[in-house]
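Peer 1: Sharing a structure, written as structure tokens. Questions coming.
Only the coordinates and a few stated rules stand behind these numbers; no lab work does. This structure is a prediction, so every number in the text was calculated from the model and none was measured. Neighbour counts run over all protein chains shown; Cβ positions are idealised from the backbone, glycine included.
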Amino acid sequence: MWARLTVGAGASGLGLRAARDGLLRFFGAGCAGRRQQQSRAASTEAALKKTPLFDFHRDQGGKMVEFAGWSMPVQYKDSHIASHMHTREHCSIFDVSHMLQTNVHGKDRVKFMESLVVADIAELKDNQGTLTLFTNEKGGIIDDLIVTKTDQGYLYVVSNAGCADKDSAHMKARLAEFKYAGFDVDLEFLDCALIAVQGPTMSRVLQAGLKEDLSKLTFMTSALATVFGVPDCRVTRCGYTGEDGVEISVPESRVVELTEKLVANSEVKLAGLGARDSLRLEAGLCLYGNDIDETTTPVEATLVWTIGKRRRQAKDFPGADIIVPQIKAKTARKRVGLVSTGPPVRQHTPILSPDGKVIGEVTSGCPSPCLKKNIAMGYVDAAFAKNGTAIQVEVRKKAVPATVSKMPFVPTKYYTG
């Protein structure tokens, strides 16, 4: 998502731009200007939503910025790059409590969810989840989300923070239609915190606080558990970094306690939005609002794999009449990875053909801490989408050589058993 910042967060097109804007507000320029900015920042912060870990973030030196209407940490005392590399080499905790968590109840819950998404929810095994998409009737992507079929008789859904109002309204509208038609289905929007524990040492760290054997919980599966003495936690093996990891849904009143117990381990550090964004980009994962939105189809976004085979054949999901023909006929543009040297490539950077014609636009980009080169993703004319194709990007009004690259840029390490 994942969503998932879909930094999971996904969302709302704010991306790291919001984080950078927050840092500018934080540091300011000049004493008088800084005092004015601090006053404005305090006023702005008061209006922002706060996760149950807000005070904890501040106490731990978190630099708070606005993201999707929430006050979130962009980084802590370590630099963005140090935090990124610690996640790749050890283990980090991310607060993702701003994301929307929903339980879908009732005997018609699968039928209800399949009326909204492209995945084959019916074929999922108990406690198995999948990345899927809300689509509109024009084939555009309303949001990306993870749906898990639990063995407790409900679906557990996690979607992006920046799309929370839109997603909840979308589900409520369909719920009203289903209720009117006599179907048995209900929505429960959860007041739970959500933390992501990501990195190669996650399993060793978390196993110390679990009675269950974590090796039996594979990628995209989920279980209820007591974690370090905190009951009623839902542990899902997934994440937004490309590393082995889990997301833990935990009662709000116990999330600080659980987080403190996790960071007591010397292998674990806190990480913020900055590292989350560069990690997901290295993993080739989309950020909703940047890389996908209601103007992009799953085929253009190279997310055809999210569409269940049965759903393609039945053409029974929103926008199927547009999306399914695109699978065979192809599309005029395609989301691709890009690698370049020189100045960093950012969102909205024009992508050029070798002879200088505009053939697309960058949707996300950053210097890769692991690869020590610039990486990006964006949409290009289909004729230029083949891996290895030499193209150019326009940075500061100068054409810079770039190459179309396969994604992920850094190999993913999801635990499959």
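Peer 1: So what's the back-of-envelope 222 nm ellipticity for the chain, counting only DSSP H runs of four-plus at -39500 (n - 2.57) apiece and dividing by all residues, rounded to 500?
Peer 2: Rounded to the nearest 500, the figure is -7500 deg cm²/dmol.
Peer 1: Another question, then. What chymotrypsin sites (Phe, Trp or Tyr not before Pro) in the range 165-226 are in a loop by DSSP, with at most 15 other Cβ atoms within 10 Å of the Cβ?
Peer 2: Answer by residue number: there is no such site.
Peer 1: Where Lys and Arg each count +1 and Asp and Glu each count -1, what net charge lies around residue 113 among other residues with Cβ under 12 Å from its Cβ?
Peer 2: Net charge around residue 113: +2.
Peer 1: How large is ³J(HN,Hα) for each residue in the range 141-153, as worked out from phi by the Karplus curve 6.51 cos²θ - 1.76 cosθ + 1.60 (θ = phi - 60°), to whole Hz, x for Gly and Pro?
Peer 2: Listing the rounded values in order: 9, 6, 5, 9, 7, 10, 10, 10, 8, 7, 8, 9, x Hz.
Peer 1: Can you list the GluC sites (Glu not before Pro) in the range 136-230 that are in a DSSP coil and have 15 or fewer other beta carbons within 10 angstrom?
Peer 2: When the GluC sites (Glu not before Pro) of the range 136-230 are filtered for loop state and at most 15 Cβ neighbours within 10 Å, 137, 212 remain.
Peer 1: Would you mind putting 245-254, 381-390, 95-104 in packing order, based on average other-beta-carbon counts within 10 Å, highest first?
Peer 2: Descending mean neighbour count gives 95-104, 245-254, 381-390.
Peer 1: So which trypsin sites (Lys or Arg not before Pro) in the range 166-226 pass both tests, a DSSP loop state and at most 16 other Cβ atoms within 10 Å of the Cβ?
Peer 2: Counting only loop positions with at most 16 other Cβ atoms within 10 Å, the trypsin sites (Lys or Arg not before Pro) in the range 166-226 are 211.
Peer 1: Using alpha carbons only, how many angstrom separate the centre of the range 173-234 from the centre of the range 250-267?
Peer 2: The two parts, judged by their Cα centres, are 16 Å apart.
Peer 1: Another question about this same structure. Rounded to two decimals, what is Rg over Rh for the range 332-417 when you use alpha-carbon atoms and the Kirkwood radius?
Peer 2: 1.00
Peer 1: What's the local net charge at residue 324, with K and R +1, D and E -1, over the other residues with C-beta under 11 Å away?
Peer 2: +2
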